[in-house]
Every structure is written in C-alpha cells, then in structure tokens.
Amino acid sequence: MTGWLRLALATQLLFFTGWGGQLLTSHHGADSVWLETEPVDPRDFLSGHYVALRFPIGRPAGDGCAVRAAAPREAVYVQLVPSGRTVASGEGLVEIWEAGMCRTDPPPATTSDRWIVGTTERSTVRTHSYGIERFYVSETSPLRIAQSGEVIAKVALNAAYRPRILDLVPRLPPTATAR
C-alpha cells in the first residue's frame, strides 16, 4: 500500500471514529422530558421500519410562536414546560411536557428552563420539526405496528438544545395499572 493511501484511510478512520464518539456522547447525562405524540400515517417502504411521529409541540401557540410561519427553515427555540398532566405508560405515570414560548435566538446559557431547537417548516400553518419525527425499530419490535398517538416519547435534550429520542413507550388507558 502506498503512503498516500494509508494516510487517506487513517484520515477516514479518525473522522468516523470522532463522529461516532460525538454521536454516542452528545446526549450523555442530558435532561429528559416526556412528549405526547399525535396520529400520523407513514408510507415509506424504502427507509426500513420506523414509527412516524408528530408532536403537539410542532405547532406551538405560546408567546413569540405566531410570527414563525413567514420564515421557513429558520431555527426556532421552543421552551418546554410541564403541562401538569400525567399519562399512564409502560414506565408508570409520567409527566407530559408542552410548548411554552418561542424565540429565534438561543436562550441564555444560564437559564434552568428546558428548551428544544427545531426548524420552521414551509406550510400554510405554523409547524416546527425537531429531527425526531421518525424512530427506527427492528423488524421484530412490537413498536413496528405502533402509531403516533399510541406512544409517548422520552426525549433527551443536550446542552445545545438538540433532541434525541431515548425511548418510545405505549400509552396505557387511564384505568390501566402501569407496570
């Protein structure tokens, strides 16, 4: 093997090792919140098995959120606040979080509030996407047949306010005893 080829391979190896390490550690120790999902009908057989998700926080109605429809693909920071509602899930009773206010500039680093960053979508209604609208599952997973609205998402928020789904758990009827 020639020297330049070894250097190219070593550079690629270092790049992908660093990238993989960043992906594995970016949400380590991050705060997490529980988010409700809404029904949606996925139809994409080429992407593998996934649960398509839509979140009520995708259409926030808080302070500063109404003006976002005019600027598609703009970064938007949405404050997450406890809704005061709990939902029975496979992990017991969990508190649901909802959208509070919106802003286009990052919140102060000193704030203890929980924020999530997304982008405004090109639409006639205000919608935001957060990059967590698909959750890929194995072919044998019982979640494969789950639909948005039947599950709730446990989402980690890192220091840059980027979300990552940690888990999807079934939403149980209010009278069901959580395991």
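The values are calculated or read from the model by the stated rules, or taken from the named source; none is laboratory data. Quick caveat, the model's predicted, so the values are computed rather than measured. So basically every Cβ, Gly included, is an ideal-geometry build from the backbone, and we count neighbours across all protein chains shown.
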Qualifying positions in the range 143-179 - surrounded by fewer than 15 Cβ atoms within 10 Å (Cβ to Cβ) and at pLDDT below 80: ARG144, ILE145, GLY149, PRO173, PRO174, THR175, ALA176, THR177, ALA178, ARG179
Can you name every residue in the range 138-148 that is part of a loop (DSSP other than H, G, I, E, B) and within 22 Å of PRO56 (Cα to Cα)? ALA146, GLN147, SER148
Conditions: (1) within 21 Å of HIS27 (Cβ to Cβ); (2) touching a His at 6+ places or on another chain (Cβ under 7 Å). THR120 meets all but one. Number of the miss? (1)
Residue check, THR110 surrounded by fewer than 14 Cβ atoms within 10 Å (Cβ to Cβ), of a type in the set (Val, Ile, Thr) and either under 23 Å from ASP167 (Cβ atoms) or modelled with pLDDT under 80 (or both): yes
What is the number of the single condition among (1) farther than 18 Å from ALA159 by Cβ; (2) among the aliphatic types (A, V, I, L, M); (3) modelled with pLDDT of 80 or more that VAL33 does not meet? (1)
Can you pull out the residues in the range 82-125 that are over 14 Å from VAL33 (Cα atoms), of a type in the set (D, E, K, R) and either part of a strand (DSSP E or B) or in contact with a helix residue (DSSP H, G or I) (Cβ under 9 Å, 6 or more places away or on another chain) (or both)? ARG103, GLU121
Matching residues in the range 36-74 (under 23 Å from TRP97 (Cα atoms), at pLDDT below 80 and surrounded by fewer than 13 Cβ atoms within 10 Å (Cβ to Cβ)) number 3
